[in-house]
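Enquirer: For reference, the structure I am asking about is given below.
A short reminder: the numbers here are calculations on the coordinates, not readings from a lab. None of these values were measured; they are calculated from a predicted model. FYI the Cβ positions are ideal-geometry reconstructions off the backbone, even for glycines, and counts take in every protein chain you see.
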Amino acid sequence: GLMREMQVIANNIANANTAGYTRKIADPTARILAGEGAGVTLGVERRIVDQQVLTDLRNTISDRERDKAVSDLLGEFEQSFGQPGDSFSISHRIDDLRVAFERLHSAPENVVLQAAVVEAAQDLTNEFNSLSSTIQTLREKADQGINDAVSEVNAALQRIEELNVDIAERVAGGKSTADLEDLREVQLELISEKLGINTFMRNDGTVNVLTEASSFLLEIDAKTISFSPQGNIGVTTVLGQNGTPPGAGDLSVDNISITNDITKGEIGGFLQLRDTGCTNDVGQQE
């Protein structure tokens, strides 16, 4: 008993900085032999965790990854938009057109100044068109990002299903599930990076995974999130309408759209930019 207790303590110390590891204890229980006390023995090793803290951590991870996805893509757009002092920026082009009109106003018959107005207007139009193209490219990048994230989520759900089976078997056999629960929590946090989730534990030690809006992603079996990247996206391309059956750009489970379920995580950020943050920002100019 003492040796095992020391081993548990040693493992806690050795793994203090190991990602996903949680502190373990094994509660002592009295040993009775022939009706007499015979010391103590250690019970099944278990994790020391606060489920509410874990839930809060997953929510924080989901919010952080959504904000990061939005920030990264908007940062790329900001580079294309340019600073006010840049010669290629929209504000600079608008100012050039304003100056050209002011000069023409003082001498409207001057053909050189007339041509300068036309040239400044064309430069501004070209810049709008370039920005419009950049926006659609970033929408395509967000769409591909969703596809990559969905693949990671599906793989994590499959791994959690496998761990659930192992955990249920060990619970039924009265064995420790602590290390398996650590591995499962790593997968849950990975999913939280991609989208917001809710979870609840069953009596057999297994965990169910649901979306923010409580659509099942894993009940007994892991479900598969279906998603098809759209490829070329144009100004008029409308995606993610959360239809039934699912439409273009929708994420779905069992042929039911879950697009509107997802507002957090990397996928939530990509959906925000792909579907609501970009389509109306800049239209193609003639």
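Enquirer: Cross-link partners among lysines for K175, C-alpha distance below 24 Å, same-chain residues fewer than 8 apart left out?
Expert: K24
Enquirer: Could you run the Karplus curve 6.51 cos²θ - 1.76 cosθ + 1.60 with θ = phi - 60° over region 52-69 and give me ³J(HN,Hα) per residue in whole Hz, x for Gly and Pro?
Expert: Per residue, the Karplus-derived 3J(HN,Hα) values read 5, 5, 4, 4, 4, 4, 4, 4, 5, 4, 4, 5, 4, 6, 4, 5, 5, 4 Hz.
Enquirer: Return a whole-number percent for the relative contact order of region 144-286, with Cα pairs under 8 Å and 6 or more residues apart as the contact set.
Expert: Normalised by residue count, the contact order of region 144-286 is 23 percent.
Enquirer: How much length would be gained if the chain were fully extended between K68 and S228, taking 0.36 nm per residue of separation minus their Cα-Cα distance, in nm to one decimal?
Expert: My answer for the length gained is 55.3 nm.
Enquirer: Where a ≥ b ≥ c are the square roots of the eigenvalues of the C-alpha gyration tensor, would you call region 173-215 rounded, which needs a/c under 1.5, or, failing that, prolate if a/b is larger than b/c, or oblate?
Expert: Because a/c hits 1.5 or more and a/b fails to exceed b/c, region 173-215 counts as oblate.
Enquirer: For K264, list the lysines whose Cα falls under 30 Å from its own Cα; do not include residues on the same chain fewer than 8 positions away.
Expert: Excluding near neighbours in sequence, the set is K68, K141, K194, K223.
Enquirer: Another question about this same structure. Could you work out the relative contact order of region 81-191, using alpha carbon pairs under 8 angstrom and six or more residues apart, expressed as a whole percent?
Expert: RCO, region 81-191: 18 percent.
Enquirer: Once you put a point 7 Å from the Cα of V235 and another 7 Å from the Cα of L183, both along the Cβ direction, what distance in nm separates them?
Expert: That separation, rounded to one decimal, is 5.4 nm.
Enquirer: Continuing with this model, one more query. Quick one: if the Förster radius is 41 Å, what FRET efficiency do D166 and T276 give, using the C-beta to C-beta distance and rounding to 0.05?
Expert: After rounding to 0.05, the efficiency reads 0.50.
Enquirer: With the calculation restricted to Cα positions, what are the radius of gyration and Dmax of region 49-189 in angstrom?
Expert: Every Cα atom of region 49-189 included, Rg and Dmax give 28.0, 96 Å.
Enquirer: Are there GluC sites (Glu not before Pro) in region 151-235 that DSSP marks as loop and that have at most 14 other Cβ atoms within 10 Å, and which are they?
Expert: E219
Enquirer: Got a sec to turn the phi values of region 158-167 into Karplus ³J(HN,Hα) couplings, 6.51 cos²θ - 1.76 cosθ + 1.60 with θ = phi - 60°, whole Hz, x for Gly and Pro?
Expert: Along region 158-167, the couplings run 4, 5, 5, 4, 5, 5, 4, 4, 5, 5 Hz.
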